[in-house]
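The values are calculated or read from the model by the stated rules, or taken from the named source; none is laboratory data. Note that this is a predicted model, so its numbers are computed, not measured. All Cβ positions, glycine included, derive from the backbone under ideal geometry; neighbour counts span all protein chains shown. Keep in mind that these areas ignore ligands, DNA and RNA; they rest on the heavy atoms of the full protein, side chains included. Shrake-Rupley method; radii C 1.70, N 1.55, O 1.52, S 1.80 Å.
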Amino acid sequence: MTTRELIMQSALKHFLIEGYDYTSLNQIAEDVNIKKASIYYHFKNKEALLIEVVSILTEHLSDADQKAYKASDQAEIQIERWIENTIYYHQNLSLSLLNHNHELININALLYRARRENVALNAQIESFFAGRHHLIKTIINKGQSQGSINANLNQDIVAYDLLARLEGIIQLAILNPSVHLLAMRSQLYDSIWDSLKVSAAQNAPSKKKSKHYRGLDIARKW
């Protein structure tokens, strides 16, 4: 790895595990075994490092989303892959950063801090989440066209709800390490798909598009 890549790797680790405000350039320099002044050859300041880190995180998650979408032409499989890819990304990121407790890392905490730090990052992060919402909405639309997803569902509401449910269970796993995402991902998918798929009752026309949509009852499943 180049010195620049090593600096980035160290910044990613410290920003995610310890937090942006609790990370110093001295720590990063010590990690990489260089002088602090050498960091400024590659990055203007600590904020410039944050911008790069956020770009890496959002690009990688967006790539994982696109891989889920391209995995199949069937909405059911695309949703399953989207859940799996998101969970695996969080899990693998934790392992790659040498988080020896194997606990998930709170990516959203860093993104929230980044929005407060930099106006350009604020727009970038908003665009990232808007892109995720659009992807899920596209999958829902495809499933409705294919006849596998209830046509009465409101695509916007469903897309936001699926994002909230998956992000919510990830945050729960961060707060409570006894929640094993990899072990429960199949049940999570089944619960989500049950709330989306077409049934005999759902085939009947309805003026209220979100009438039959059910949120995930975590207490019932786990």
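Overview of results
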| read-out | value |
| --- | --- |
| Cross-chain or 6+ apart pairs with Cβ under 9 Å, segment 161-173 first and farther than 14 Å from Tyr89 by Cα, then of a type in the set (Phe, Trp, Tyr) and open to solvent by 10 Å² or more (accessible area, probe 1.4 Å) | Asp161/Tyr213; Leu163/Phe129 |
| Odd one out for Asn33 among (1) over 19 Å from Ile107 (Cβ atoms); (2) within 18 Å of the chain's Cα centre (by Cα) | (2) |
| Subset of segment 82-109 [over 19 Å from Asn176 (Cα atoms) and within 16 Å of the chain's Cα centre (by Cα)] | Trp82, Ile83, Glu84, Asn85 |
| Residue match in segment 96-103 (condition: assigned to a helix (DSSP H, G or I), modelled with pLDDT under 95 and open to solvent by 20 Å² or more (accessible area, probe 1.4 Å)) | yes |
| Any hit, segment 16-23, residues being over 13 Å from the mean Cα position of the chain (by Cα), under 17 Å from Ala114 (Cβ atoms) and aromatic (Phe, Trp, Tyr) | yes |
| Residue in segment 14-26 that is small (Gly, Ala, Ser), outside any helix (DSSP H, G or I) and touching a residue at least 24 places away in the same chain (Cβ under 8 Å) present | yes |
| Residues (in contact with a strand residue (DSSP E or B) (Cβ under 9 Å, 6 or more places away or on another chain) and either open to solvent by 60 Å² or more (accessible area, probe 1.4 Å) or in a loop (DSSP other than H, G, I, E, B) (or both)) located in segment 105-152 | Asn141, Ser148, Asn150 |
| Which listed residue is closer than 27 Å to Glu18 by Cβ and open to solvent by less than 80 Å² (accessible area, probe 1.4 Å), from Tyr40, Tyr89, Tyr69 | Tyr89 |
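Each row is one residue, and each column tells you yes or no for (1) over 24 Å from Leu181 (Cα atoms); (2) of a type in the set (Val, Ile, Thr).
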| position | (1), (2) |
| --- | --- |
| Arg115 | yes, no |
| Val119 | yes, yes |
| Asn122 | yes, no |
| His133 | no, no |
| Gln146 | yes, no |
| Val158 | no, yes |
